[in-house]
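Student: One structure follows; several queries about it will come next.
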Amino acid sequence: MPFDADLVILGGGCAGLSLGVHLADASATRHHTLILEGRTEYTNDRTWCFWRDEPHRFSHLVSREWPTVRVQSAQRRVDVDCAATPYQMLPAGAFYTEAEHCIAASQSVTLETGARVTELPARISGGWRIETSSGQVTSRQVIDTRPPRCPAVGDAILWQSFVGQEIECVAPVFDPTTVELMDFVGVRDGTVAFCYVLPLSRTRALFEYTVFGERPLSAADLWPAQQAALLRATRQQSWVVLRQESGTLPMGLTGNPPTPPGQDYVRVGVMSGAARPSTGYTFQRIQRWAPSAAASLRRNHFDVAHRPDAVVRRLMDQLFLRVLRDQPELAPELFLRMFGEADSARMIRFLGDRGSVLDCAAVIATLPIAPFLGQLCKSMPGMTPTLTGAK
Ligand SMILES: Cc1cc2nc3c(=O)[nH]c(=O)nc-3n(C[C@H](O)[C@H](O)[C@H](O)COP(=O)(O)OP(=O)(O)OC[C@H]3O[C@@H](n4cnc5c(N)ncnc54)[C@H](O)[C@@H]3O)c2cc1C
């Protein structure tokens, strides 16, 4: 039976478009890939940041970088010199534009926007039938990048919920040389909150308010605290809002994802193993995943799921997140110690997912033993593998 496509990618966001671009780059393929995206148009809806690592397909879209990041609480401040691997920013708007152009020029990949998948794809002989808001599509294989379900308590050890605004202030209030990575502003009801500030000039910044907690919070829950923090940070100068963004990211997925409906159907993306459990950083992991998934597909292999993290790292991440969940009041001290006492290059490799055993050991050595031992005893009997490990 002829199919409309050899491969359908459900969702044209970071993972779907990154894979689509790598498939389009290798235009020699005779396979046809169709990306179905629910949005009718792309906007600059998020700002990806990460420490510079190996180059990736979109490195040229980095629009800004900083040599210093700061972690602080009311008591203490640590400035981390990261000039060797600067903290970089890549606006999603530039990524979407590049991906759309690249895919439009390709013979083998098509992006259909305004095509919202409306039902669970159905198995048909040798492939899949997908119902969308703009009609029916059949395909031999499916890669599903959509979140399998809404964020819920229990599906992750912690949720990282945040809202932010890019603002232009009337007076100079920001230090454009230093990113405020974590400015801890409070512990309340089992959560810890901090501000994250990307200074774009002395008057312009992306100002985010983030909460780590067991429950995912909506943007509506967070705006009042973000506005209060912004008023304090700008010393009540007036500002104009240029755009805003929000999100809820899993930190250590625990719930079992809905089983993929069958063979030749794989789930990927931020809610299916792409996010680094202990940080929620995802962009670079997707950029490492996309070329290897594309290469696998070109060899006619369907080996495209995210690779599980190494067992030791997974267990360390789980332990760390459980300590944060159960004792959020420790968060400022733990992060200040890690950033203040570990060698910055080691710490950045560790956060960026590429830490060696020595890097991990050096970071762990900065932490107090008691809370981790206590947590270990508490969680040993019920320690379950995270989703990233289960795949
Ligand atoms: C505001 C924000 C800021 C972030 N900042 C960082 C950062 O600084 N660093 C970092 O490493 N990570 C960051 N992340 C995390 C992560 O990098 C992003 O969430 C990234 O976009 C995840 O890629 P994805 O493809 O899994 O999901 P998405 O990019 O969200 O893509 C999923 C796509 O599926 C589409 N879709 C959903 N349902 C349907 C449907 N029924 N039919 C068709 N299409 C559908 C959506 O429209 C979307 O385009 C951030 C996330 C957010 C939300």
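The values are calculated or read from the model by the stated rules, or taken from the named source; none is laboratory data. Treat the numbers as computed from the prediction; the structure is a model and nothing was measured. Quick reminder, even Gly has a Cβ in these numbers, built from the backbone with ideal geometry, and neighbours come from all protein chains shown.
Yes or no, residue by residue, for (1) out of contact with any strand residue (DSSP E or B) (no Cβ under 6 Å at 6 or more places or on another chain); (2) at pLDDT below 95; (3) closer than 28 Å to PRO328 by Cβ:
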| position | (1), (2), (3) |
| --- | --- |
| PHE162 | no, no, yes |
| PRO172 | yes, no, no |
| MET182 | no, no, yes |
| ARG204 | no, no, no |
| GLU214 | yes, no, yes |
| LEU217 | no, no, yes |
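Student: For region 13-29, enumerate the residues that are more than 7 Å from the ligand (Cβ to nearest atom) and either small (Gly, Ala, Ser) or at pLDDT below 95 (or both). Before you say what the answer is, go through the steps one by one.
Tutor: Step one: list which residues in region 13-29 are more than 7 Å from the ligand (Cβ to nearest atom), which gives 17-29.
Within region 13-29, SER18, GLY20, ALA24, ASP25, ALA26, SER27, ALA28, THR29 meet the criteria.
Student: In region 221-259, how many residues are away from the ligand (no atom under 16 Å from the Cβ) and either touching a Gly at 6+ places or on another chain (Cβ under 9 Å) or of a type in the set (A, V, I, L, M, F, W, C) (or both)?
Tutor: Residues of region 221-259 away from the ligand (no atom under 16 Å from the Cβ): 224-225, 227-240, 254-256, 259.
Going one step further and asking which of them are either touching a Gly at 6+ places or on another chain (Cβ under 9 Å) or of a type in the set (A, V, I, L, M, F, W, C) (or both), we end up with 225, 228-231, 233, 239-240, 254-255.
Result for region 221-259: 10.
Student: Output the residues belonging to region 160-194 that are among the hydroxyl-bearing types (Ser, Thr, Tyr) and either in a loop (DSSP other than H, G, I, E, B) or surrounded by fewer than 24 Cβ atoms within 10 Å (Cβ to Cβ) (or both).
Tutor: So the first thing to find is which residues in region 160-194 are among the hydroxyl-bearing types (Ser, Thr, Tyr), and the list is 161, 177-178, 191.
Once the filter is applied, which keeps residues that are among the hydroxyl-bearing types (Ser, Thr, Tyr) and either in a loop (DSSP other than H, G, I, E, B) or surrounded by fewer than 24 Cβ atoms within 10 Å (Cβ to Cβ) (or both), region 160-194 yields THR177, THR178, THR191.
Student: Continuing with the same structure: Within region 291-343, which residues are closer than 30 Å to PHE194 by Cα, of a type in the set (A, V, I, L, M, F, W, C) and assigned to a loop (DSSP other than H, G, I, E, B)?
Tutor: Matches in region 291-343: ALA310, ALA342.
Student: Take VAL117 and tell me if it is within 12 Å of the ligand (Cβ to nearest atom), at pLDDT 95 or above and closer than 30 Å to SER238 by Cβ. I'd like the intermediate steps shown before the answer.
Tutor: Details: within 12 Å of the ligand (Cβ to nearest atom): yes; at pLDDT 95 or above: yes; closer than 30 Å to SER238 by Cβ: no.
Judged against the criteria, VAL117 is not a match.
Student: Out of ARG204, ARG232, ARG243, I need the residue that is outside the structural domain of ARG322 (by TED's automatic domain parsing), touching a residue at least 60 places away in the same chain (Cβ under 8 Å) and among the charged types (D, E, K, R). Which one?
Tutor: Numbers: ARG204 fails: touching a residue at least 60 places away in the same chain (Cβ under 8 Å); ARG232 fails: touching a residue at least 60 places away in the same chain (Cβ under 8 Å).
Checking each option against the conditions leaves just ARG243.
Student: Right, ALA310: modelled with pLDDT under 95, surrounded by fewer than 20 Cβ atoms within 10 Å (Cβ to Cβ) and more than 27 Å from ASP264 (Cβ to Cβ) or not?
Tutor: Yes, satisfied.
Student: Kindly state which strands (runs of 3 or more DSSP E) lie completely within region 30-79 and contain at least 3 residues that are within 13 Å of the ligand (Cβ to nearest atom), under 17 Å from the mean Cα position of the chain (by Cα) and surrounded by fewer than 15 Cβ atoms within 10 Å (Cβ to Cβ). I'd like the intermediate steps shown before the answer.
Tutor: Values: elements: 33-36, 47-51, 64-66, 68-72.
Of the strands (runs of 3 or more DSSP E) lying wholly inside region 30-79, none has at least 3 residues that are within 13 Å of the ligand (Cβ to nearest atom), under 17 Å from the mean Cα position of the chain (by Cα) and surrounded by fewer than 15 Cβ atoms within 10 Å (Cβ to Cβ).
Student: If I ask for residues that are surrounded by fewer than 21 Cβ atoms within 10 Å (Cβ to Cβ) and either among the small types (Gly, Ala, Ser) or within 14 Å of the ligand (Cβ to nearest atom) (or both), which ones from region 147-159 would you list?
Tutor: Hits for region 147-159 are PRO147, PRO148, ARG149, CYS150, PRO151, ALA152, GLY154.
Student: Now for a separate question. Out of curiosity, is THR132 outside the structural domain of GLY20 (by TED's automatic domain parsing) and within 11 Å of the ligand (Cβ to nearest atom)? I'd like the intermediate steps shown before the answer.
Tutor: Working: outside the structural domain of GLY20 (by TED's automatic domain parsing): no; within 11 Å of the ligand (Cβ to nearest atom): yes.
No; evaluated as a whole, the condition is false for this residue.
Student: Give me the residue from region 249-299 that is among the β-branched types (Val, Ile, Thr) and either in contact with a Cys (Cβ under 9 Å, 6 or more places away or on another chain) or crowded, with 23+ Cβ neighbours inside 10 Å (or both) and, out of that set, farthest from ARG129 (Cα to Cα). Let's see the steps before the verdict.
Tutor: Initially, region 249-299 is screened for residues among the β-branched types (Val, Ile, Thr), giving 254, 259, 266, 268, 270, 279, 282, 286.
If we keep only those that are either in contact with a Cys (Cβ under 9 Å, 6 or more places away or on another chain) or crowded, with 23+ Cβ neighbours inside 10 Å (or both) too, we end up with 268, 270, 282, 286.
On the way: VAL268: 19, VAL270: 24, THR282: 30, ILE286: 27 Å.
That would be THR282.
Student: A further question on this structure: Scan region 271-290 for residues that are among the β-branched types (Val, Ile, Thr), within 20 Å of PHE320 (Cα to Cα) and part of a helix (DSSP H, G or I) and report the count.
Tutor: So the first thing to find is which residues in region 271-290 are among the β-branched types (Val, Ile, Thr), and the list is 279, 282, 286.
Those left that are additionally within 20 Å of PHE320 (Cα to Cα): 279, 282.
Filter once more, so that each one left must be part of a helix (DSSP H, G or I): none.
The number of residues fulfilling the criteria is 0.
Student: Oh, and also: Among the residues of region 312-327, are any under 30 Å from ASP25 (Cα atoms) and among the charged types (D, E, K, R)? Show your work before the answer.
Tutor: We begin by selecting, within region 312-327, every residue under 30 Å from ASP25 (Cα atoms); these are none.
The answer is no; no qualifying residue exists.
Student: Tell me, yes or no, whether region 81-88 has at least one residue that is in contact with a Phe, Trp or Tyr (Cβ under 6 Å, 6 or more places away or on another chain), farther than 24 Å from SER133 by Cβ and of a type in the set (Ser, Thr, Tyr).
Tutor: Yes, because at least one residue in region 81-88 is in contact with a Phe, Trp or Tyr (Cβ under 6 Å, 6 or more places away or on another chain), farther than 24 Å from SER133 by Cβ and of a type in the set (Ser, Thr, Tyr).
Student: Cβ-Cβ below 9 Å, separation at least six or inter-chain, first residue in region 368-391 and basic (Lys, Arg) and in a helix (DSSP H, G or I), second surrounded by 12 or more Cβ atoms within 10 Å (Cβ to Cβ) and at pLDDT 50 or above: which pairs?
Tutor: Close Cβ pairs satisfying both conditions: LYS378/ARG322; LYS378/ASP326.
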